[in-house]
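Remarks on the structure that follows.
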Amino acid sequence: PIPRSVSIFGATGSIGESTFDLLMRAGGPDAFRTVALTGARNVARLAEMARALRAEVAVTADPACLPALRDALAGSGVEAAAGEAALIEAADRPADWVMSAIVGFAGLAPGLAALRHGRTLALANKESLVTAGPLLMETAKAHGARILPVDSEHSAVFQALAGEEIAAVERIIITASGGAFRDWPLERLAGATVAQASTHPNWAMGQRITIDSASMFNKALEVIETREYFGVPPEMIEVLVHPESLVHAMVGFRDGALMAHLGAPDMRHAIGYALNWPERGHLPVARLDLAQIGRLSFAAPDPARYPALTLAREVMAIRGLAGAVFNAAKEAALDGFIAGQIPFPAMAGVVEEVLARMSAQTGLGIATISLDNLQGADREARGLAGAVIASAR
Ligand code: NDP
Ligand code: MG
């Protein structure tokens, strides 16, 4: 069933728009109550969505955008608010179902706040599990909250696991398209441009996640997410290159059975699954015509082409603050590539060096992580990555 009340954090983004689309198709303000919608810069669209869903409050993360948001909401009856504290206040308001779709580390705090109130959190924000997996899962457990995965691979694993015992699982396989450079000769990668890295063979997504698909940093984040969300040891998690992007994940059981989840590459499937869970909704996504598709192919990822996957293994071995450092260094390296400061293959080297230096200095594998020490690690890793990039130029 559609929940009675909903909030969307990151409503103006790609996942937020898809969530909005599903909610409007489900009956919009006549079918349920919208509590909070949040965005950052795109206040015109935020206000439009808030009016359409008759939200209680619209929040922009950027205080400088508050006057524009107020103007856009004039006469609508929707409250306007801005800033980090307002995001938390919005997460404190009672809602049955909360979509976490802010991009980056900024998505963690509102998600944690929603969990502390025992809400159901539909989790798209990858950085939450990668940087703070144990904190997130423990907070959910302590407050009787539920986290439903929205990243497509994790939604696929979740669906393949329905009715099964995690103890019967022998391995979890998540698939990767291989990204823009899957078939490029390795020696050409150093000359890859930002525009070339920003095209995805199958999924339409934001530029950053698309480049992360070409480098497989996105898959590296997803391997860590899998480890944290499903609580399985790293050696049980495998990555397969699957250029068609139709099988999103497979769960292997001790009896040899492999349950695969197939679907069109459209995020509305995973979002709709989380929205309707434990039932299935009626989705506006394409049906797969397998007879027409004809064949599906799979290959092992080449570690020389995708060093990010090896780095993910290091992060999982350390845990503690390693996920936060990995994520922050990856963000900084990606900024460096986009700004033309480092070539495409150098991103992995930057992340590797930041991880190595910071674990030598402070020992990242501490047992207790908090929002405070995560923020500290995030800042330090970004600074160090900046220095590594500057010295490489
Ligand atoms: P987008 O960049 O499209 O949207 C991000 C959203 O967050 C926007 O609403 C944006 O507001 C808002 N935002 C940006 N910066 C801040 C900030 N500092 N504080 C608060 N809000 C902010 O991202 P996506 O929708 O693509 O992705 C969202 C999350 O979901 C990411 O973690 C991503 O990795 C994950 N994900 C995305 C998938 C996809 O298909 N796109 C698939 C699986 C996971 P505004 O636009 O108004 O500035
Ligand atoms: Mg994914």
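The values are calculated or read from the model by the stated rules, or taken from the named source; none is laboratory data. The model shown is predicted, which means the values in this text are computed figures rather than measured ones. So basically every Cβ, Gly included, is an ideal-geometry build from the backbone, and we count neighbours across all protein chains shown.
Taken over segment 212-233, the residue count meeting the criterion of being part of a helix (DSSP H, G or I), farther than 19 Å from W184 by Cα and more than 12 Å from the chain's Cα centre (by Cα) is 4. Just one of (1) farther than 27 Å from P243 by Cβ; (2) modelled with pLDDT of 95 or more fails for Y273. It is (1). When F158 is tested against (1) part of a helix (DSSP H, G or I); (2) away from ligand 1 (no atom under 16 Å from the Cβ), exactly one condition is not met: (2). Filter segment 1-22 down to residues that are more than 19 Å from A44 (Cα to Cα) and of a type outside the set (G, A, S) and give me whichever is nearest to ligand 1 (Cβ to nearest atom). Among residues in segment 1-22 that are more than 19 Å from A44 (Cα to Cα) and of a type outside the set (G, A, S), the one nearest to ligand 1 (Cβ to nearest atom) is L22.
The residue that is farthest from ligand 1 (Cβ to nearest atom), counting only those in segment 171-200 that are loosely packed, with under 15 Cβ neighbours inside 10 Å and under 18 Å from A300 (Cα atoms), is P185.
On the stretch given as segment 267-309, residues that are free of Cβ contacts under 8 Å to residues at least 40 places away in the same chain and within 18 Å of S213 (Cα to Cα) total 2. The residues on offer are R45, R25, R54, and the sole one that is within 8 Å of ligand 1 (Cβ to nearest atom), touching a residue at least 12 places away in the same chain (Cβ under 8 Å) and surrounded by fewer than 24 Cβ atoms within 10 Å (Cβ to Cβ) is R45.
Being within 22 Å of the chain's Cα centre (by Cα), at pLDDT below 95 and within 23 Å of A274 (Cα to Cα) is the requirement here; does S14 meet it?
yes
The single condition from (1) away from ligand 2 (no atom under 16 Å from the Cβ); (2) surrounded by fewer than 23 Cβ atoms within 10 Å (Cβ to Cβ); (3) under 17 Å from L371 (Cα atoms) that A132 fails is (2).
Among S177, S245, which is in contact with a strand residue (DSSP E or B) (Cβ under 9 Å, 6 or more places away or on another chain) and closer than 22 Å to A122 by Cβ? Checking each option against the conditions leaves just S245.
Just to be sure before I move on: is E228 touching a residue at least 40 places away in the same chain (Cβ under 8 Å), within 16 Å of ligand 2 (Cβ to nearest atom), of a type in the set (D, E, K, R) and surrounded by fewer than 18 Cβ atoms within 10 Å (Cβ to Cβ) in the structure I sent?
Numbers: touching a residue at least 40 places away in the same chain (Cβ under 8 Å): yes; within 16 Å of ligand 2 (Cβ to nearest atom): yes; of a type in the set (D, E, K, R): yes; surrounded by fewer than 18 Cβ atoms within 10 Å (Cβ to Cβ): no.
In short, no.
Consider H282 carefully, then state whether it is in contact with a Ser or Thr (Cβ under 8 Å, 6 or more places away or on another chain) and either within 27 Å of I147 (Cα to Cα) or at pLDDT 95 or above (or both). Spell out the reasoning first.
On the way: in contact with a Ser or Thr (Cβ under 8 Å, 6 or more places away or on another chain): no; either within 27 Å of I147 (Cα to Cα) or at pLDDT 95 or above (or both): yes.
Judged against the criteria, H282 is not a match.
Given the criteria of a type in the set (S, T, N, Q), more than 14 Å from ligand 2 (Cβ to nearest atom) and either part of a helix (DSSP H, G or I) or touching a residue at least 12 places away in the same chain (Cβ under 8 Å) (or both), does T175 qualify? So that I can check it myself, show each step before the final result.
Details: of a type in the set (S, T, N, Q): yes; more than 14 Å from ligand 2 (Cβ to nearest atom): no; either part of a helix (DSSP H, G or I) or touching a residue at least 12 places away in the same chain (Cβ under 8 Å) (or both): yes.
Answer is no for this residue.
Taking segment 258-374 as the region of interest, the helices (runs of 4 or more DSSP H) fully inside it that hold 1 or more residues being within 16 Å of ligand 2 (Cβ to nearest atom) are 267-276, 307-318, 322-338.
Using the structure shown, decide if I209 is within 12 Å of ligand 2 (Cβ to nearest atom) and within 19 Å of the chain's Cα centre (by Cα).
Working: within 12 Å of ligand 2 (Cβ to nearest atom): yes; within 19 Å of the chain's Cα centre (by Cα): yes.
The answer is yes for I209.
One line per residue, one yes/no per condition, for (1) closer than 23 Å to L296 by Cβ; (2) surrounded by 20 or more Cβ atoms within 10 Å (Cβ to Cβ); (3) in contact with a Phe, Trp or Tyr (Cβ under 7 Å, 6 or more places away or on another chain); (4) not aromatic (F, W, Y):
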site	(1), (2), (3), (4)
N202	yes, no, no, yes
G206	no, no, no, yes
I224	no, yes, no, yes
L246	yes, no, no, yes
R254	no, no, no, yes
A257	yes, no, no, yes
G263	yes, yes, no, yes
I271	no, yes, no, yes
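Taking only segment 313-344 into account, find how many residues are surrounded by fewer than 19 Cβ atoms within 10 Å (Cβ to Cβ) and not hydrophobic (A, V, I, L, M, F, W, C). Selection size over segment 313-344: 6. Give the residue that is farthest from I2 (Cα to Cα), with candidates limited to residues of segment 67-117 that are under 21 Å from the mean Cα position of the chain (by Cα) and free of Cβ contacts under 8 Å to residues at least 40 places away in the same chain. Within segment 67-117, the match that is farthest from I2 (Cα to Cα) is E84. Comparison of V388, V351 shows that the only residue that is crowded, with 21+ Cβ neighbours inside 10 Å and closer than 13 Å to S215 by Cβ is V351.
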